[in-house]
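Take a look at the structure below.
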Amino acid sequence: MAGHPSDIIFLACDAFGVLPPVAKLTSGQAMYHFISGYTAKVAGTERGIVEPTPNFSACFGAAFLTLHPTRYADLLQEKLDTHGGQAWLVNTGWSGGAYGIGERMSIKTTRGIIDAILDGSALNANYVKEEAFGLDIPAELPGVDSQVLNPKNAWEDKDAYDATASKLAGMFVKNFEKYAGKGSVDYTQYGPQI
C-alpha cells in the first residue's frame, strides 16, 4: 500500500487566460478551489462544445458526490493537516489572452511545472502574490519561462487582463455563494476578494 501524497494537484483549464500556470495554495485556498472545481469544457472533450465554456463542478466531480461538498473539503483538510501535504493549482489552459487570443499552455511548460512540484523546487521557489485571486505564484521555476508564470506578464494588453481577471473572479464569487456559511469552515474568505 502506498503512503500519503506530499503534493495534491488540482488541475484546471482556464479558458480566460488569467489563472497562473501554477499556484501554491494555502490550506484555505486549497479548500476553496477544491469546492469550486473550476475548469473549462473544451472542444474535443465534450459533445456539442465548439469553444471553451467555464465550468464549476464541486470537488472536480459534482455529479458523483453523495455528501455536501464542504464535507469532502473537511475530509481533505483533515488529511492535509494530518499528513502535511501541499496543495497546488495547475492551469493547463490559455496564456497571454483568453481563448481565441492567447495560446494554450504548452505541454513543455506543464511538464516543467509538474517536475518542479515533484522534485521540491517549486516548494522552495520565491513567490509573488497574484492580485485578482490572491494566489502565490513562483517568480521562476527550472525549465519554465518566467514570463508565463505570472499571467499578467504574458498579456500584451494589461487593461484587458485586469478586466478579464475581474470577470472570472466575479464568476468564482457568484458560484461560491451557495457554499457560504456551510460546513465547519466558511471558505469564502479564501477566494477572490472583489
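The values are calculated or read from the model by the stated rules, or taken from the named source; none is laboratory data. Remember, predicted model here, so these are calculated numbers, not experimental data. Positions of Cβ are generated from backbone atoms using ideal geometry, with glycine treated the same way; all protein chains shown enter the neighbour counts. Just so you know, the surface numbers come from the protein's heavy atoms only, side chains and all, with ligands and any DNA or RNA stripped out. Shrake-Rupley method; radii C 1.70, N 1.55, O 1.52, S 1.80 Å.
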Taking only Cα atoms and a 10 Å spring cutoff, compute GNM fluctuations for the chain and point out the largest among Ala63, Ala87, Ala15.
-> Ala63
Filtered hits (lysines, Cα-Cα < 25 Å from Lys79, offset >= 8 within chain) -> Lys24, Lys178, Lys182
In nm, spacing of pseudo-spin labels at Glu51 and Ser166 (7 Å Cα→C-beta vector) | 2.2 nm
Only Cα pairs under 8 Å and at least 6 apart count here; give the relative contact order of segment 87-194 as a rounded whole percent.
-> 21 percent
Taking the alpha-carbon centre of each part, the distance from segment 132-170 to segment 49-74 in Å is 24 Å
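Can you tell me the relative contact order of the chain? Whole percent, Cα pairs under 8 Å, sequence separation 6 or more.
Numbers: 349 pairs, mean separation 54.3, N = 194.
Taking the mean separation of contacting Cα pairs over the length of the chain, I get 28 percent.
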At q = 0.14, 0.16 Å⁻¹, what base-10 log of I(q)/I(0) does the Debye formula yield for segment 43-194 when every alpha carbon is treated as an equal point scatterer in vacuo?
-> -0.90, -1.18
Dipole of the chain (Lys/Arg Cβ +1, Asp/Glu Cβ -1, origin at the Cα centre): which of Gly143, Ala62, Leu168 lies farthest to the positive side?
-> Ala62
Under 16 Å Cα-Cα from Lys152, which aspartates and glutamates qualify once same-chain neighbours fewer than 8 residues away are excluded?
-> Asp14, Glu103, Glu130, Glu131, Asp136, Glu140, Asp162
How would His4, His83 line up by accessible area, probe 1.4 Å, largest first?
-> His4, His83
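Expressed as a rounded percentage, what relative contact order does segment 19-118 have, with Cα pairs under 8 Å and six or more residues apart?
Working: 115 pairs, mean separation 31.7, N = 100.
Across segment 19-118, relative contact order equals 32 percent.
Compute the length gained on full extension between Asn150 and Asn124: take 0.36 nm times their separation in residues and subtract their Cα-Cα distance, giving the result in nm to one decimal.
On the way: separation 26, 0.36 × 26 = 9.36 nm, distance 1.72 nm.
Contour length minus the Cα-Cα distance gives 7.6 nm.
Dipole magnitude of segment 1-152 about its Cα centre, charges +1 at Lys/Arg Cβ and -1 at Asp/Glu Cβ only, in debye to the nearest 20?
Details: 10 positive and 15 negative charges, 60 e Å.
Rounded to the nearest 20 debye, it is 280 debye.
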If every Lys and Arg gets +1 and every Asp and Glu gets -1 at its Cβ, then about the Cα centre segment 72-194 yields a dipole, in debye to the nearest 20, of 320 debye
